[in-house]
Amino acid sequence: MAFLLSLLMALVLVSYGPGGSLGCYLSRKLMLDARENLRLLDRMNRLSPHSCLQDRKDFGLPQEMVEGDQLQKDQAFSVLYEMLQQSFNVFHTEHSSAAWNTTLLEQLCTGLQQQLDHLDTCRGPVMGEKDSELGKMDPIVTVKKYFQGIHDYLQEKGYSDCAWEIVRVEMMRALTSSTTLQKRLTKMGGDLNSP
């Protein structure tokens, strides 16, 4: 029994990084999940985007903020997490299940949830006590406003097929930007616990 406890303790200590907390790396799997989510969104296409031109809208994707170099590592992580969470929220509603192939929709929601779960393991160590402070910062507010605009648009359009098609295309843009942000975070240093 003492040997087993010693072994478990050794495993726990080996798992800890130099900063005294579990190392949190942006894995290759996270990038593969992101690419798969984009493929699923592409496969969800049911209408020609040309048939919905009258419903087009500029949602104001904060692309410069997401893809630029304005954000520090903890801010970039928070923005990435918020974008994935809000993307999940768009597709995880009863209105979305009426609009899409259920199998593809479930696969997309599962893929987004897997990305969030992976990032959740990093969220505590990366954000720590700054969590409440970061929740109020402008980049997060900007992302929330962007997604609120998407929700408002769907509601205004009565969750029509064309409205969902416009949102599907917009979500491909948003998830492509979040993938770019993931790559940037990886270049900043794969270990999200390091400064």
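In table form, for the structure just shown:
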| quantity | calculated |
| --- | --- |
| Label zone at VAL169, where the point sits 7 Å out along the Cα-to-Cβ direction: the range 29-56 residues whose backbone N lies under 15 Å | 42-56 |
| Size of charge dipole - the range 24-71 - debye, nearest 20, with Cβ of Lys, Arg +1 and Asp, Glu -1, no other charges | 340 |
| Using a Förster distance of 41 Å, the FRET efficiency for GLU156-MET31 (Cβ separation, nearest 0.05) | 0.75 |
| Too-long pairs where the Cα-Cα distance tops 29 Å, listed order kept, from LYS157/LYS183; LYS29/LYS157; LYS73/LYS144 | LYS157/LYS183; LYS29/LYS157 |
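The numbers here are math on the coordinates, done by the rules we state, and not lab data. None of these values were measured; they are calculated from a predicted model. Quick reminder, even Gly has a Cβ in these numbers, built from the backbone with ideal geometry, and neighbours come from all protein chains shown.
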